[in-house]
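Please read through the structure below; I'll follow up with questions.
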Amino acid sequence: MFHLAKMTFSEVERVRSGDVLVILPVGVVEEHGAHLPLGVDSFAAEAYAESAALHLEAKGYTVIIAPTINYGVARAAIDFPGTLSLEPETLRAMVVEIGRSLARHGLKRLVILNGHRDMHHMTALDEARSMLESEKVGQVLCVGFASDPEMTAACYREGVRRFYNSPRPDREGHGGESETSVALYRFPELVKQDILKTLEPNFDYDVDAFRNETKDYGSISGGRGYFGWPQAATAETGKQLVAIRGRNIANVILNAWGTPGS
Ligand SMILES: [Zn+2]
């Protein structure tokens, strides 16, 4: 697996003629409770990209991971200090222009792996995919959190439920057990362990408003910024989630594009 920003142009030249695909992780800068850093969604997308790449390479693809887009649309949490939000058009344009540049160099399979759930953000990524496809610059897939709920389920929910420790897995969400587990596994140095120990469960919130993004995170969570029970998280759960979601994402890509030579 290659990381594009760490490659030389001559390395790109060498691999581009083969069965290569590019994964573009997309995250955001957004609050995730007082215990997690603002970059959780970017860091998680990178973890899933590397996990998926192992499976794709085992099937014969060469995988190049492009530098993460660390900015996105984050309107629901915009009142929390540090949360940054782009206009959807800005995000869409970034993805389209990155896709065009990749295609110019013969890198014509692009996987947009999104780690941030926000409807406007996901729609912008979908629109970028359609624009690139209508320009016939190559094949593009949106995986991870996607506007198609079946895609999100196939990538993130399939096979993970048994690893949850939370008594209310149906109430786990933003900043809760899943994201905290991935953080404890992948970037524990950025988790505020002393704060994590003090967090009460947040199960009693307006689930519809959370899912449909009709109210802001601050008011739905009583200012806490997390949904579910972060204290239920463990690094071991995070390890399983990264492994399984990476495999899920690889399977989605292989189902769409097949294995090289097939
Ligand atoms: Zn998140």
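How many residues are open to solvent by less than 50 Å² (accessible area, probe 1.4 Å) and at pLDDT below 95 if we restrict to segment 126-143?
2
Under 7 Å between Cβ atoms, which residue pairs at least 6 apart in sequence (or on different chains) link something in segment 246-262 that is under 16 Å from residue 115 (Cα atoms) with a partner that is open to solvent by 70 Å² or more (accessible area, probe 1.4 Å) and assigned to a loop (DSSP other than H, G, I, E, B)?
Correct list of pairs: 248/158.
Listed here are the residues, each with its yes/no results for (1) touching a Ser or Thr at 6+ places or on another chain (Cβ under 8 Å); (2) in a loop (DSSP other than H, G, I, E, B); (3) not aromatic (Phe, Trp, Tyr).
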position: 211; (1), (2), (3): no, no, yes
position: 214; (1), (2), (3): no, yes, yes
position: 222; (1), (2), (3): no, yes, yes
position: 237; (1), (2), (3): yes, no, yes
position: 241; (1), (2), (3): yes, no, yes
position: 245; (1), (2), (3): yes, no, yes
position: 255; (1), (2), (3): no, no, yes
position: 260; (1), (2), (3): no, yes, yes
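If you don't mind, another one. Within segment 163-180, track down each residue that is assigned to a helix (DSSP H, G or I) and either touching a strand residue (DSSP E or B) at 6+ places or on another chain (Cβ under 6 Å) or more than 12 Å from the ligand (Cβ to nearest atom) (or both).
163, 169, 170, 171, 177
Among 62, 83, 123, which is of a type in the set (S, T, N, Q), over 15 Å from the mean Cα position of the chain (by Cα), away from the ligand (no atom under 16 Å from the Cβ) and surrounded by 15 or more Cβ atoms within 10 Å (Cβ to Cβ)?
So the residue among 62, 83, 123 that is of a type in the set (S, T, N, Q), over 15 Å from the mean Cα position of the chain (by Cα), away from the ligand (no atom under 16 Å from the Cβ) and surrounded by 15 or more Cβ atoms within 10 Å (Cβ to Cβ) is 62.
For residues in segment 193-207 being charged (D, E, K, R) and modelled with pLDDT under 95, which is least open to solvent (accessible area, probe 1.4 Å)?
Only one residue tops the list, namely 206.
Here is a follow-up. Just one of (1) closer than 20 Å to residue 219 by Cβ; (2) away from the ligand (no atom under 16 Å from the Cβ) trips up residue 74, so point out which.
(2)
In segment 77-108, what residues are part of a helix (DSSP H, G or I) and over 19 Å from residue 130 (Cβ atoms)?
104 - this is the single residue of segment 77-108 that is part of a helix (DSSP H, G or I) and over 19 Å from residue 130 (Cβ atoms).
A follow-up question, please. For residue 171, only one of the following conditions fails: (1) closer than 23 Å to residue 76 by Cβ; (2) open to solvent by 40 Å² or more (accessible area, probe 1.4 Å); (3) in contact with a helix residue (DSSP H, G or I) (Cβ under 6 Å, 6 or more places away or on another chain). What is its number?
Unmet for residue 171, out of (1) closer than 23 Å to residue 76 by Cβ; (2) open to solvent by 40 Å² or more (accessible area, probe 1.4 Å); (3) in contact with a helix residue (DSSP H, G or I) (Cβ under 6 Å, 6 or more places away or on another chain): (3).
Looking at (1) open to solvent by less than 30 Å² (accessible area, probe 1.4 Å); (2) within 16 Å of the ligand (Cβ to nearest atom), which is the one condition that is false for residue 99?
Result: residue 99 fails condition (2) only.
Out of 45, 5, 74, I need the residue that is in a helix (DSSP H, G or I) and crowded, with 16+ Cβ neighbours inside 10 Å. Which one?
45
Take residue 36 and tell me if it is within 30 Å of residue 231 (Cα to Cα), within 13 Å of the ligand (Cβ to nearest atom), modelled with pLDDT of 95 or more and not in a helix (DSSP H, G or I). Reasoning before the result, please.
Numbers: within 30 Å of residue 231 (Cα to Cα): yes; within 13 Å of the ligand (Cβ to nearest atom): yes; modelled with pLDDT of 95 or more: yes; not in a helix (DSSP H, G or I): yes.
The answer is yes for residue 36.
To continue, here is another question. Within segment 74-131, can you find the residues that are in contact with an Asp or Glu (Cβ under 6 Å, 6 or more places away or on another chain) and within 19 Å of residue 249 (Cβ to Cβ)?
Those that are in contact with an Asp or Glu (Cβ under 6 Å, 6 or more places away or on another chain) and within 19 Å of residue 249 (Cβ to Cβ): 115, 116.
Which ones in segment 213-234 are loosely packed, with under 15 Cβ neighbours inside 10 Å and in contact (Cβ under 8 Å) with a residue 12 or more places away in the chain? Steps first, please.
If we filter segment 213-234 for residues that are loosely packed, with under 15 Cβ neighbours inside 10 Å, which is where we start, we get 214, 219, 222-223.
Answer for segment 213-234, where residues must be loosely packed, with under 15 Cβ neighbours inside 10 Å and in contact (Cβ under 8 Å) with a residue 12 or more places away in the chain: just 222.
Continuing with this model, one more query. May I ask you to list the residues in segment 182-192 that are more than 12 Å from the ligand (Cβ to nearest atom) and either in contact (Cβ under 8 Å) with a residue 12 or more places away in the chain or open to solvent by less than 20 Å² (accessible area, probe 1.4 Å) (or both)?
184, 185, 186, 187, 188, 190, 191, 192
The values are calculated or read from the model by the stated rules, or taken from the named source; none is laboratory data. Predicted model, so just to flag it, every value in this text is computed and none were measured. Note: ideal-geometry Cβ built from the backbone for every residue, glycine included; neighbour counts use all protein chains shown. With ligands, DNA and RNA removed, areas are computed over all heavy atoms of the protein, side chains included. Shrake-Rupley method; radii C 1.70, N 1.55, O 1.52, S 1.80 Å.
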